[in-house]
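The values are calculated or read from the model by the stated rules, or taken from the named source; none is laboratory data. Only a predicted model underlies this, so the values are computations on that prediction, with no experimental measurement involved. Cβ coordinates were reconstructed from backbone atoms using ideal geometry, including for glycine residues, and neighbour counts include every protein chain displayed. We work out accessible area using only protein heavy atoms, side chains counted, and drop any ligands, DNA or RNA first. Shrake-Rupley method; radii C 1.70, N 1.55, O 1.52, S 1.80 Å.
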Amino acid sequence: RELKYGPPYPRDAVSVLISSPQSHSPFSPPSPFSFLSALRSTGLLTSDPRLSDCMRQLRQSMQDSAGTVMMDQTLFRKCVGANILLLTQAFRRKFIIPDFEAFASNINQLYYSTQRQVGGHVADYIPQLAKFSPDLWGVSLCTVDGQRHSAGDTKVPFCLQSCVKPLEYAIAVHEIGTEHVHRYVGKEPSGLKFNQLSLDEEDKPHNPMVNAGAIVISSLLKVRGFLGVMEYLKKMAGTEYVGFSNATFQSEKETGDRNFAIGYYLKEKKCFPKNADMIAALDFYFQLCSIEVTCESGSVMAATLANGGICPITGEQVLSAEAVRNTLSLMHSCGMYDFSGQFAFHVGLPAKSGVSGAVLLVVPNVMGIMCWSPPLDRVGNSVRGIHFCQELVSLFNFHNYDNLRHFARKLDPRRQSLDDRVTFQKVICLKSLIS
């Protein structure tokens, strides 16, 4: 009962955590399985790096015991160790999403309703991308406290493609500063296709989210090398998967005529830093686009942006607050190709899409989400990804301009409320009647 509703009065953290909803008596210790079940209900995974010592001690105790292991206070203290503050927060429902089970259930409903969306075409101008099934569909989220949830095809690796653009920009600002980066690239939406041969009135790429801008950013980062950028991305993803698809990289180079044209146009207009090698910058850009993630690792990257540059599952400061603020600002205004204005209007959150079918979405100070479904609409955004984002903010008050105090028609998962589930059902029934 305490695990579900929180203690009615302050008590020792160990006593609170040792009480199990499965226990018939407040003095009967739960089994480790009950403990792990209660842990998962808070949104924490047993694979969370912060809990590695706790899980190792628990496994060791279960292996060493000849009979049934019970989670008494001796074993609990041995297992918890340095994790007492984290687990106290979790079980007392002090995380950003207090009722995580209810929230995850809502996300599942949105996932399955979005799965029915059809239409769009898998990108085929890069042959390697055309090999993915249009039926693949996954959503993962990670909150700023490290609460995790996934639905669908969330362990299948796919290339970041244009979703790498805000990440490389953030790294560039973190490494060499805002002023230096924006000597070479602007901050305004272009109003044109992402691969247009176009510059602003100062002969700079319009912003870092279009191909021209990303190629110039790649030339600034080239001195850090591919392994240097990969190290940043792996830190942003915590311990989750970050890989590389050489087949996609080769495919990008062989079919990248438009990007080579952009490169030569940038060279003609002297957009690159002094002594920069245009071909090397393009090669580096193709490499970065070919970095692989899964929905699960991508959601942790997005959560690092939501958390001001601190990876939620490791606690490591990966990017500066300034780099993150600049990145989210540009994602909000320029991140969704020439659908950016519509997306900002209807969804109101920073996001970046890629032609692999990925949509990286950030709810600042709350969570990061990675959606992935290969079929794209006419402007190159994932059909299911866009629909999911729109449905998300129609149900929850995550839009940047939702009034948190007076906009009562939406749910706020950041608040504890016994009426939330009833309200959710009313919203779902109302939407079904309207449709």
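Give the relative contact order (percent, whole number) for the range 158-310; include only Cα pairs under 8 Å separated by 6+ residues. Numbers along the way, then the final one.
Values: 201 pairs, mean separation 51.3, N = 153.
In percent, rounded to a whole number, it is 34.
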Ellipticity estimate at 222 nm from DSSP helix runs (n ≥ 4, -39,500 (n - 2.57)) divided over the chain, nearest 500: -13500 deg cm²/dmol
Compute the whole-percent fraction of alpha carbon pairs in the chain spaced more than 31 Å apart. 43 percent
Past the 15 angstrom mark, what percentage of all C-alpha to C-alpha distances in the range 78-148 do you count? 69 percent
Under the rule that an exposed site lies in a DSSP loop and has at most 15 other Cβ atoms within 10 Å, name the longest stretch of the chain with no GluC sites (Glu not before Pro) of that kind, not counting the sites themselves. 1-200
Just to be sure I understand the model, the point goes 7 Å from the Cα along the line to the Cβ. What's the resulting Ser198 to Phe345 distance in nm? 1.8 nm
In order over the range 162-173: 3J(HN,Hα) from phi, Karplus 6.51/-1.76/1.60, θ = phi - 60°, whole Hz, x for each Gly or Pro, gives 5, 5, 7, 4, x, 6, 5, 5, 4, 5, 4, 5
Using θ = phi - 60° and the Karplus curve 6.51 cos²θ - 1.76 cosθ + 1.60, what whole-Hz ³J(HN,Hα) does each residue of the range 176-187 get, with Gly and Pro shown as x? 10, x, 4, 4, 5, 4, 7, 5, 10, 8, x, 10
How far is helix 211-221 tilted off the main Cα axis of the chain, in degrees rounded to 10, range 0 to 90? 80 degrees
Taking Lys274 as the anchor, which aspartates and glutamates have their alpha carbon closer than 12 Å to its alpha carbon, excluding any fewer than eight residues away along the same chain? none
For the range 188-328, alpha-carbon Rg over 2.2 N^0.38 Å: 1.10
Mind checking the angle between helix 225-236 and the chain's longest principal axis? C-alpha axes, 0 to 90 degrees, to the nearest 10. 30 degrees
With the 8 Å Cα cutoff and a minimum separation of six or more residues, the range 100-395 has a relative contact order in percent of 28 percent
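Suppose all protein chains stay in the model; what accessible area per residue would a 1.4 Å probe give for the chain, in Å²?
Numbers: 19270 Å² over 435 residues.
Per-residue accessible area for the chain comes out at 44 Å².
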Whole-Å semi-axes of the range 247-404's equivalent ellipsoid, largest first, each the root of 5 times a Cα gyration tensor eigenvalue? 29, 19, 16
Peptides 149-159, 112-122, 83-93: what's the order by average Cβ count within 10 Å, highest mean first? 149-159, 83-93, 112-122
